[in-house]
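Please read the structure below before turning to the comments.
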Amino acid sequence: SPDDCRGCDAGSGSPYWVEEADLMVCPLHQCCRTEKGLKHCGRCPELPCAMYTDLKDPSLSEAEHKRALADRLAALRTL
């Protein structure tokens with residue numbers, strides 16, 4: 001679950017959900033850490049980008065997804 005997530009670095013870019021999404025690594029981690037060399041996506045001037053907003057937990061409604069994005073953005077910008 002999202003509450004079990006310990007952050008990008010803790011899982012080397014492979015959070016709990018990547019296997020479920022049939023991915024090897026989180027595309028956000030790939031973009032910010034590997035391609036842009038940033039500590040985390042909260043440091044990216046392009047945030048919130050389409051990749052960030054399009055990665056949606058299918059169990060969330062659209063309203064819940066938007067609230068979760070806003071909460072994560074606020075938290076990332078304080079780091």
task = Give me the accessible area per residue for region 16-79, probe 1.4 Å, as a whole number in Å².
result = 70
Those lysines that a straight Cα-Cα span of less than 17 Å connects to Lys66, excepting residues fewer than 8 apart in one chain = Lys56
message = At 0.36 nm per residue, and after removing the present C-alpha to C-alpha distance, how many nm does the segment from Leu55 to Asp22 gain when stretched out fully?
response = 10.5 nm
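The values are calculated or read from the model by the stated rules, or taken from the named source; none is laboratory data. What you see is a predicted model; the values in this text were computed from it and never measured. For the accessible areas, the whole protein counts, side chains as well, though only heavy atoms, and no ligand, DNA or RNA atoms are used. Shrake-Rupley method; radii C 1.70, N 1.55, O 1.52, S 1.80 Å.
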